[in-house]
1. Among the candidates ALA166, ALA239, ALA234, single out the residue that is loosely packed, with under 15 Cβ neighbours inside 10 Å and not charged (D, E, K, R).
2. Please list, ordered by first then second residue, the pairs with beta carbon atoms under 7 Å, 6 or more apart or interchain, first in the stretch 180-195 and modelled with pLDDT under 95, second of a type in the set (Lys, Arg) and surrounded by fewer than 16 Cβ atoms within 10 Å (Cβ to Cβ).
3. Being in contact with a Ser or Thr (Cβ under 9 Å, 6 or more places away or on another chain) and surrounded by 15 or more Cβ atoms within 10 Å (Cβ to Cβ) is the filter here, so list the residues in the stretch 118-136 that pass it.
4. Taking the conditions exactly as written (in contact (Cβ under 8 Å) with a residue 60 or more places away in the chain, under 20 Å from VAL15 (Cβ atoms) and either of a type in the set (D, E, K, R) or exposed (fewer than 12 other Cβ atoms within 10 Å of the Cβ) (or both)), does ARG229 satisfy them or not?
5. Out of GLY159, GLY223, I need the residue that is surrounded by 14 or more Cβ atoms within 10 Å (Cβ to Cβ), assigned by TED's automatic domain parsing to the domain that holds GLY81 and either out of contact with any helix residue (DSSP H, G or I) (no Cβ under 7 Å at 6 or more places or on another chain) or closer than 19 Å to GLU14 by Cβ (or both). Which one?
6. For the stretch 226-255, enumerate the residues that are in a helix (DSSP H, G or I), out of contact with any helix residue (DSSP H, G or I) (no Cβ under 6 Å at 6 or more places or on another chain) and not hydroxyl-bearing (Ser, Thr, Tyr).
7. Just name the residue that is nearest to the chain's Cα centre (by Cα) out of those in the stretch 130-146 that are of a type in the set (A, V, I, L, M, F, W, C) and under 22 Å from THR172 (Cβ atoms).
8. Looking only at the stretch 69-85, count every residue that is within 22 Å of PRO147 (Cα to Cα) and over 16 Å from the mean Cα position of the chain (by Cα) and tell me the total.
Amino acid sequence: MTGNAPVHSVLPEEVTAALLVIGDEILSGRTKDKNIGFIAGHCTEIGIRLREVRVVADDEAAIVTDANALRTAYTYVFTTGGIGPTHDDITADSIARAFGVSIGVDSRAVALLRERYAEADLTPARLRLARIPAGAQLIENSVSKAPGFMIGNVIVMAGVPAIMRAMLLAITPSLRTGAKLLTDSIGVNVPENRVAVPLADCQRAFPEVAMGSYPFFEDGRYGTDLVLRSTDGARLALAKADLISRLPPDVSFSG
């Protein structure tokens, strides 16, 4: 090998995820989802690209279909909701069916419940919280002890936001992550149509940097946030400078 051999850059691995939100109460509007934004932000922070979010009813066939479709398409699938003590909490059974494994009361999960409940309080309803698909890894729940679980690449968490967050943080160290997605933005005090052409021209010049425009109305005036995202900080900075140089001279900046 000579000193003039070409150097090939290695692109960072992209780790992807989808989120499957489970629950009739979400679809009916009775419960407002508070988990999507947190999971999306957390994934971005640790280097996982959340590519898709689906909301599905408490219907076993639908959960199985969506879980199987998503787990073949993405590195990870997160689910929220449907792992409580009542008859309509069918997520654990549905995920077991998706993987073709049995499900039953798990002695490890029972031991965790005993840390919180007296033996007399381990009712059949509470023991439903300990039903785990065969072969699954338990996910710690520091809030109420009843664990979530991970089987294959599917991560099953509670729907209650505080418990979901505890589970997500607990499982994070065991997840593969990729390059972190960096974000920068430019706020301008003009409507979106005024910056559409320069934004499109900049996107063509930097196809590897994701760009988007997000209009807003504030203090009686229209404005636009121009958002740029990339895993390459140097290219992100160059793209931002290029975009600023393309904006009309009369554009003022906000923020």
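1. ALA234
2. ASN189/ARG221
3. Scanning the stretch 118-136 gives ARG128, LEU129, ALA130, PRO133.
4. Judged against the criteria, ARG229 is not a match.
5. GLY159
6. Residues of the stretch 226-255 in a helix (DSSP H, G or I): 233-246.
Right, trim to out of contact with any helix residue (DSSP H, G or I) (no Cβ under 6 Å at 6 or more places or on another chain) and you get 233-241, 244-245.
The answer is GLY233, ALA234, ARG235, LEU236, ALA237, LEU238, ALA239, LYS240, ALA241, ILE244.
7. In this case the residue turns out to be ILE139.
8. 4
The values are calculated or read from the model by the stated rules, or taken from the named source; none is laboratory data. Keep in mind that this is a model prediction, so the values were computed, not measured. Cβ atoms come from the backbone with ideal geometry, glycine included; neighbour counts cover every protein chain shown.
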